[in-house]
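The values are calculated or read from the model by the stated rules, or taken from the named source; none is laboratory data. Since the structure is predicted, the reported quantities are computational estimates derived from the model, not experimental observations. Here the Cβ positions follow ideal geometry from the backbone for every residue, glycine too, while neighbour counts run over all protein chains shown.
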Ligand code: TK8
């Protein structure tokens, strides 16, 4: 190799060859290409989450012109778990999963899976937007992910095809799809159901083909995903609050300039407030729309809800262990203040 290089050097005009080539090629100054930020979600374009992403894109574009946001709904880029893996591999830049599937990457997120932990949205905001929420977001950098802020999926409710569920006993034997999360599985087993984990993208077909009898999600998802076409009953169990985590790959974040990082953060927060507002409105108004579509929507009495709470909360000791137990204690103490 050295010999060939030396010969080539001798044969050529070895003064300023490279410089000359550069000068000839460089009439127009090189224009910086925009970096592409592909963001995928499992829900569809009608859901407040997608509207939130459009808001993010708009707000980011107002601040910097060096990033091009591309949005993908309907699990086009994969399910929550595989999209997070995409962030780690650098094949995709952003996503916004529920916290439940995040526990496969960072176990501490289990703290949000304990049934009936948050009494209302304001309590959730207080924890998520405070120091505990931030600590958890920061911990994602250990797995190659930059957690930006929490958005809202919301309080989850049970739907099923067969039975007007009013008590845990009514759920006996119902095959219920849950998210891929051990705490959720255990909680539904404790309630007497027959839970089975599944990615969100497969859910509608599974309900339609009666592979499962029911599922649980916030009202907005039940409505915008048209689950009323394949389900007869919604019971407002509000058994767990699902936060979303708006996240991007650590690599994309690290390759961003401080100016870009500020813009991403600001846009993510504006979009968060917008998405939460839309989602809360949707959860208020859409129960009526579900009824118009032919579903029976069952509001539980406080006594009925207490029966669900009592059964579901029996799983606390099994999962409140180690780091998760410490976090759970801190959340509970903070909520009492
Ligand atoms: C969408 C999911 C969905 C979640 C679920 O990607 O899987 O049931 O509630 O919203 O994150």
Conditions (1) buried (at least 20 other Cβ atoms within 10 Å of the Cβ); (2) assigned to a loop (DSSP other than H, G, I, E, B); (3) within 16 Å of the ligand (Cβ to nearest atom); number of the one not met by residue 211: (1)
Go through segment 292-323 residue by residue and tally those that are assigned to a loop (DSSP other than H, G, I, E, B) and free of Cβ contacts under 8 Å to residues at least 12 places away in the same chain. 2
From the list 55, 51, pick out the single residue that is under 30 Å from residue 227 (Cβ atoms) and either away from the ligand (no atom under 16 Å from the Cβ) or at pLDDT below 50 (or both). 55
Subset of segment 41-61 [surrounded by fewer than 17 Cβ atoms within 10 Å (Cβ to Cβ) and not in a helix (DSSP H, G or I)]: 44, 45, 46
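Could you tell me which residue of segment 87-103 is farthest from the ligand (Cβ to nearest atom), considering only residues that are touching a residue at least 12 places away in the same chain (Cβ under 8 Å) and part of a helix (DSSP H, G or I)? Even if it seems obvious, please write down each step before you answer.
In the first step, residues of segment 87-103 are kept if they are touching a residue at least 12 places away in the same chain (Cβ under 8 Å); the result is 87-88, 90, 92-103.
Adding the requirement that they be part of a helix (DSSP H, G or I) leaves 87-88, 100-103.
On the way: 87: 14, 88: 17, 100: 7, 101: 7, 102: 10, 103: 13 Å.
Selected residue: 88.
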Could you list all residues from segment 148-162 that are touching a helix residue (DSSP H, G or I) at 6+ places or on another chain (Cβ under 6 Å), at negative phi and either within 11 Å of the ligand (Cβ to nearest atom) or outside any strand (DSSP E or B) (or both)? 151, 152
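Rundown of residues vs (1) over 23 Å from residue 298 (Cβ atoms); (2) under 16 Å from the mean Cα position of the chain (by Cα), yes/no style:
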| residue | (1), (2) |
| --- | --- |
| 103 | yes, yes |
| 125 | yes, yes |
| 150 | yes, yes |
| 169 | no, no |
| 180 | yes, yes |
| 183 | yes, no |
| 201 | yes, yes |
Return the residues of segment 181-201 that are free of Cβ contacts under 8 Å to residues at least 40 places away in the same chain, over 18 Å from residue 114 (Cβ atoms) and within 16 Å of the ligand (Cβ to nearest atom); say none if nothing qualifies. 196, 198
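Just to be sure before I move on: is residue 261 in a helix (DSSP H, G or I) and in contact with a helix residue (DSSP H, G or I) (Cβ under 8 Å, 6 or more places away or on another chain) in the structure I sent?
Answer is yes for this residue.
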